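Heads up: the structure comes next, in structure tokens.
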Amino acid sequence: MADEKRPLHHRLGMKMPTRDEMGRNRFLKPFADRVMRPDLWRFTRRSVPRGIALGMLAGFWIPVGQIFAAALLAWPIRANVPIAAATTFITNPITYPFWVVVANKLGRFILRIDAMTVGAPLNNQVQSEFGRWLSWLLREAGVTAFGMVVLGILFASVGYLLASFAWRLKQGKKRRGRLRAYAIRRRQRERERERAAQ
């Protein structure tokens, strides 16, 4: 039972930086007043799903310094900093080779489908003025980088939706528990009044 009260990252054996450690970090120190704002460290209905989505994006899109990028980006979108930092661990040195293979296969699959589509929308977009940067990305960084972008968007979207749904379930369960406790107390008071009246 005591183990269940410990934070999740402790139970999984992960070493997460504390709020103070992040505030003292030399890379975050210039931005510490923004990143250390108390509202970015509260677990709320909106900040937790945003933190999960941001952490997923940072995990897949930023190869180095994901935790610091997630912490910095949490400020403008008002995401939960610890959640954003923790979810960047979806891509860590152990899982990264797996995600590279998945991203490569996904990128090849999407680009092959696009080439077979009538009009090839992605190819047309790449050849347009607006698509020059995307053309460079596909040519230079390759199919794997495109797959990582797709994975980041996919995981961020699903993570956001699941976190929002889980938060609503949790709040509903708490509310039902409070209503049940209130009903029990009310019944006890009514019984006490009946006894007093007798």
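The values are calculated or read from the model by the stated rules, or taken from the named source; none is laboratory data. Everything quoted here is computed from the prediction, not taken from an experiment. Note: ideal-geometry Cβ built from the backbone for every residue, glycine included; neighbour counts use all protein chains shown. Surface accessibility is based on the protein's heavy atoms, side chains included, excluding ligands, DNA and RNA. Shrake-Rupley method; radii C 1.70, N 1.55, O 1.52, S 1.80 Å.
Tabulated results
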{"item": "Residues of the stretch 71-81 satisfying the condition of being outside any loop (DSSP other than H, G, I, E, B) and surrounded by 23 or more Cβ atoms within 10 Å (Cβ to Cβ)", "result": "71, 74, 81"}
{"item": "Which numbered condition residue 144 misses (of (1) under 27 Å from residue 85 (Cβ atoms); (2) at pLDDT 85 or above; (3) out of contact with any Phe, Trp or Tyr (no Cβ under 6 Å at 6 or more places or on another chain))", "result": "(2)"}
{"item": "Subset of the stretch 43-70 [open to solvent by 70 Å² or more (accessible area, probe 1.4 Å) and in a loop (DSSP other than H, G, I, E, B)]", "result": "43, 45, 46, 63, 64"}
{"item": "Check on residue 62, of a type in the set (A, V, I, L, M, F, W, C), under 18 Å from residue 157 (Cα atoms) and touching a residue at least 40 places away in the same chain (Cβ under 8 Å)", "result": "no"}
